[in-house]
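Structure record follows, encoded as structure tokens.
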Amino acid sequence: MEITNSKINDYIKEQHIQSPVKRMFDAILTEMEAYARENEFPIIGPMVGPFLQQIATIMDARNVVELGSGFGYSALWLAAGMPQDGRIICTDTSEEYRDMAVKYFKEANLESMLDFRVGDALEIIKEIDIPIDIIYNDVDKHGYPEAFDLSVPKLRKGGIFITDNVLWSGRILEDDPNESTRGVAEFNRKMFATERIVSSIIPIRDGLGIIVKQ
């Protein structure tokens, strides 16, 4: 299912080509996007990347955590919106992806901001004891409800929790969902049923869940 019209998506992508960040990191982002296409690795792409940069800029975010970072594509967009003394903690189970992310951040002269930890994202976040400005969540979908339970308490007041794939290509509408779809649906239920947070779903790409902690 296409969440938004494909021609509208193409139009938005064309506009983002002109953005200063895209121009500044064009070679790096193009290489990362090519790797994702060739290896069928899902990334947020150039439609969602600038949105993450905007949120980081608005928040003046200095402490950001990613749950499920892959090889650092979304992290690079977030870092582009952060001050140079900010830190982004990335997580992934793959040492190869960690090494790729370090390489890309070095090429972007942002390596001082990167703290990449190899392991289970949901175990790693339990160990983080600083107030977090932004958490970006893209773990395995069956783990979304646990990611919610662990992440919201870690946010500072006014902090933002961003989750990818909350529309799950329309599979959330299925009558007989699999484990991954049930995880996304339960996450969405929690997102809107929990007190002291304000939530919305933005229907760009595969749906972004946005939570603000009150």
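Listing for the model above:
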read-out	value
Answer from Ile125, Ile160, Ile130, Ile134 - the residue that is surrounded by fewer than 16 Cβ atoms within 10 Å (Cβ to Cβ), on the phi < 0 side of the Ramachandran plot and touching a residue at least 40 places away in the same chain (Cβ under 8 Å)	Ile130
Residue match in segment 63-73 (condition: open to solvent by 20 Å² or more (accessible area, probe 1.4 Å), in contact with a strand residue (DSSP E or B) (Cβ under 6 Å, 6 or more places away or on another chain) and within 29 Å of Arg171 (Cα to Cα))	no
Subset of segment 203-214 (residues that are assigned to a strand (DSSP E or B) and in contact with a helix residue (DSSP H, G or I) (Cβ under 8 Å, 6 or more places away or on another chain))	Leu208, Gly209, Ile211, Lys213
Subset of segment 17-71 [within 20 Å of Asp140 (Cα to Cα) and assigned to a loop (DSSP other than H, G, I, E, B)]	Asn39, Glu40, Phe41, Pro42, Ile43, Ile44, Gly68, Ser69, Gly70, Phe71
Residues of segment 174-190 classified as surrounded by 12 or more Cβ atoms within 10 Å (Cβ to Cβ) and without any contact (Cβ under 8 Å) to a residue 24 or more places away in the chain, total	5
Filter pass, Asp85 being open to solvent by 40 Å² or more (accessible area, probe 1.4 Å), farther than 25 Å from Ile201 by Cα and either of a type outside the set (Gly, Ala, Ser) or not in a loop (DSSP other than H, G, I, E, B) (or both)	yes
Flag for Ser151 being under 18 Å from Ile43 (Cα atoms) and among the hydroxyl-bearing types (Ser, Thr, Tyr)	no
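The values are calculated or read from the model by the stated rules, or taken from the named source; none is laboratory data. Keep in mind that what you see is a predicted model, and the values were worked out from it rather than measured. In this analysis, Cβ positions are derived from the backbone assuming ideal geometry, glycine residues included, and neighbour counts consider all displayed protein chains. Each accessible area value is taken on the protein alone, full model and side chains, heavy atoms only, with ligands, DNA and RNA left out. Shrake-Rupley method; radii C 1.70, N 1.55, O 1.52, S 1.80 Å.
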